[in-house]
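Engineer: Okay, here's the structure, questions in a sec.
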Ligand SMILES: Cc1cc2nc3c(=O)[nH]c(=O)nc-3n(C[C@H](O)[C@H](O)[C@H](O)COP(=O)(O)OP(=O)(O)OC[C@H]3O[C@@H](n4cnc5c(N)ncnc54)[C@H](O)[C@@H]3O)c2cc1C
């Protein structure tokens with residue numbers, strides 16, 4: 001039997017510290033059989049059941065006062081299929097460990113988000129994505145799942161086996177069942193060349209489509225109160241070209257000192273003295289430099305985020321990227337907000353997953369952040385949401401937003417398809433919590 005903690009004072013909190021819960025029971029299964037047993041115990045006790053990943057969602061996607069299942073002991077690589085370049089792993093493995101294991105096997109994920117701290121199942125369940133106009137989010141790289149249903153049955157799904165369940169289950173907020181293993185489609189391990197350049201915002205906006213199409217993975221950060229953008233262009237290193245990794249001292253200075261320690265200090269000053277933020281932001285952008293380097297794909301895609309923040313991110317149709325960015329800028333100016341965190345802009349290829357924020361359309365993502373503990377973040381996020389929601393905007397399921405099922409239904413063309421699968425998979429609402437009730441309906 002897996003470890004079971006019945007201690008009602010065991011509380012859970014997420015990375016940002018803005019979500020907290022005290023579950024009646026915490027289960028720590030080590031394999032699928034133990035997940036089945038945990039689920040049966042919860043159902044017998046009349047408890048709702050939620051799974052926790054690495055707690056990196058800003059929304060209340062995890063909290064429950066019923067049974068909380070911690071799958072992080074289910075972190076093993078189960079199988080590598082070299083012929084098809086696929087790997088099957090237990091659902092609680094972290095992306096960091098997945099990337100490491102894949103690299104050892106000569107494989108890599110085609111695309112990743114900014115960090116690698118999430119669990120594999122937690123990341124896909126909210127639609128975690130990176131950037132690239134020819135690349136989908138992490139869930140599009142999944143080709144098979146094993147799940148435990150509300151009835152305690154173990155089912156597998158893929159494009160061939162139970163295709164309706166597979167379509168829905170890749171991004172399902174834990175509302176369809178407990179994912180116990182994930183099969184990912186990989187590619188042969190590759191090296192990325194990263195080019196980071198400081199550019200005038202106007203030039204970036206004028207050439208958005210060009211930058212997105214000339215680069216496999218393009219994104220930029222705009223620093224509010226300035227005209228400056230930091231543009232990141234990541235491309236596979238052509239065969240035969242020599243790698244040029246960063247010197248360790250430079251990497252440490254840029255990634256730890258500038259991006260984390262110094263930036264954290266600036267955010268802290270800005271939180272205590274908001275009127276200083278515009279001048280501080282201008283200083284920060286003057287410190288930014290351009291650099292080009294190469295590295296294993298997963299190390300270039302991801303970085304460590306030690307400065308804690310809260311975030312909202314909206315997907316809009318690609319054609320609306322410029323309008324959406326202008327709207328955010330107007331909100332900051334009109335509301336007199338002082339924002340020390342940059343606005344991050346990324347792109348993604350449309351996909352066929354019902355609850356994907358890129359479902360059925362090529363999309364751009366615009367993310368707004370506030371340093372943790374900054375009063376007024378909600379005013380910022382709500383004002384941005386008011387502008388972006390009418391642009392066919394869809395909020396990231398794992399990042400803060402204020403929408404609910406009634407108006408989200410109209411934003412997703414395949415909403416009913418997802419709900420039909422949900423009615424079959426969880427008719428009694430075993431996997432409900434307040435957030436799922438709010439965004440997907442009770
Ligand atoms: C610093 C930081 C950087 C980030 N960068 C990005 C980024 O670049 N791109 C992006 O898109 N997002 C990003 N995010 C958001 C993050 O990727 C998502 O919120 C992701 O879902 C978190 O994964 P997790 O493992 O922490 O899952 P949790 O937040 O713990 O859980 C997420 C959801 O998955 C469910 N779940 C977890 N495991 C299972 C399972 N086995 N079966 C069924 N349901 C399950 C949970 O119940 C919950 O509903 C970032 C977040 C932070 C804090």
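Engineer: Of the residues in the range 277-294, how many are free of Cβ contacts under 8 Å to residues at least 40 places away in the same chain and in contact with a helix residue (DSSP H, G or I) (Cβ under 9 Å, 6 or more places away or on another chain)?
Structural biologist: 2
Engineer: With the checklist (1) surrounded by 22 or more Cβ atoms within 10 Å (Cβ to Cβ); (2) more than 20 Å from the chain's Cα centre (by Cα) in hand, flag the one item residue 164 doesn't pass.
Structural biologist: Going through the list (1) surrounded by 22 or more Cβ atoms within 10 Å (Cβ to Cβ); (2) more than 20 Å from the chain's Cα centre (by Cα), residue 164 breaks only (1).
For every residue, the table says whether it meets (1) away from the ligand (no atom under 12 Å from the Cβ); (2) free of Cβ contacts under 8 Å to residues at least 40 places away in the same chain; (3) touching a helix residue (DSSP H, G or I) at 6+ places or on another chain (Cβ under 9 Å).
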residue	(1), (2), (3)
18	no, no, no
26	yes, no, no
30	yes, no, no
40	yes, no, no
47	yes, yes, yes
78	yes, no, no
83	yes, yes, no
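Engineer: Evaluate the following for residue 414: is it surrounded by fewer than 23 Cβ atoms within 10 Å (Cβ to Cβ) and more than 17 Å from residue 125 (Cα to Cα)?
Structural biologist: Taking the combined requirement at face value, the residue does not satisfy it.
Engineer: Of all the residues that make up the range 132-145, how many are closer than 20 Å to residue 296 by Cβ and either more than 11 Å from the chain's Cα centre (by Cα) or without any contact (Cβ under 8 Å) to a residue 12 or more places away in the chain (or both)?
Structural biologist: Total meeting the criteria: 3.
Engineer: State all residues of the range 280-318 that are surrounded by 15 or more Cβ atoms within 10 Å (Cβ to Cβ), away from the ligand (no atom under 16 Å from the Cβ) and more than 25 Å from residue 268 (Cα to Cα); if no residue qualifies, say none.
Structural biologist: 293, 294, 295, 296, 317, 318
Engineer: Run down 248, 243, 238 and say which single residue is within 30 Å of residue 349 (Cα to Cα), more than 26 Å from the chain's Cα centre (by Cα) and at pLDDT below 85.
Structural biologist: The match here is 243.
Engineer: Please indicate, with yes or no, whether at least one residue in the range 110-130 is over 13 Å from the mean Cα position of the chain (by Cα), surrounded by 18 or more Cβ atoms within 10 Å (Cβ to Cβ), within 15 Å of the ligand (Cβ to nearest atom) and modelled with pLDDT of 95 or more.
Structural biologist: Yes, that holds for at least one residue.
Engineer: Within the range 28-44, track down each residue that is closer than 19 Å to residue 426 by Cβ and either surrounded by fewer than 17 Cβ atoms within 10 Å (Cβ to Cβ) or over 26 Å from the mean Cα position of the chain (by Cα) (or both).
Structural biologist: Correct list: 36, 37, 38, 39, 40, 41, 42, 43, 44.
Engineer: Test of understanding: among 91, 73, 61, which residue is within 14 Å of the ligand (Cβ to nearest atom), more than 30 Å from residue 371 (Cα to Cα) and crowded, with 23+ Cβ neighbours inside 10 Å?
Structural biologist: Just a single option satisfies the conditions, and that option is 91.
Engineer: Which of the following residues is assigned to a strand (DSSP E or B), surrounded by 23 or more Cβ atoms within 10 Å (Cβ to Cβ) and on the phi < 0 side of the Ramachandran plot: 366, 400?
Structural biologist: 366
The values are calculated or read from the model by the stated rules, or taken from the named source; none is laboratory data. Because the structure is a prediction, the values reported are computed rather than measured. FYI the Cβ positions are ideal-geometry reconstructions off the backbone, even for glycines, and counts take in every protein chain you see.
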